[in-house]
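See structure below.
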């Protein structure tokens, strides 16, 4: 039996309340997995850097959303220019 993350869609509601529109925003998503949350905003955002240490999940994300800068890495390896991100997402990831 597989785990259904956020079956009540609380995460989606919270995301909509915090960031009503991603248009023109530069997003960093930490712990993106295969892009479950990324799919909800990636087509609207100006740019997305999505990272996760699971290389297999990142490959799935790259196939699904080729315009997303998906990287198989941990946060300690990430280097981005200062002030290059408008929104930081970190959900269901420890």
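If both residues of a DSSP beta bridge must be in the chain, then about 5% of such bridges are antiparallel. Please build a GNM for the chain, connecting alpha carbons under 10 Å apart, and tell me which residue among 59, 17, 29 fluctuates the most. Answer for the Gaussian network model of the chain: 17. Note on the chain: GNM, Cα springs under 10 Å; of 58, 75, 30, the largest mean-square fluctuation is that of 75. Listed from fewest to most Cβ neighbours within 10 Å, the set 67, 26 follows the order 67, 26.
The slack in the chain from residue 19 to residue 88, taken as 0.36 nm per residue of separation less the alpha-carbon distance, amounts to 23.8 nm. Extents of segment 20-90, taken as max minus min of Cα coordinates on every principal axis and listed largest first, are 29, 25, 18 Å.
Determine the relative contact order of the chain: mean sequence separation of Cα pairs under 8 Å and six or more apart, normalised by residue count, in whole percent. Dividing the mean separation by the residue count of the chain yields 31 percent.
Sorting 78-86, 8-16 by average packing, meaning the other beta carbons within 10 Å per residue, from highest down gives 8-16, 78-86. Taking the number of Cβ atoms within 10 Å of each Cβ as an exposure proxy, the fewest-first ranking of 22, 90 is 90, 22.
Every read-out reported here was derived from the displayed coordinates using simple, explicitly stated rules and does not represent laboratory data. In this text the structure is predicted, and so the values were computed from the model without any measurement. As a convention, Cβ positions derive from the backbone with ideal geometry for all residues, glycine included, and neighbour counts pool all protein chains shown.
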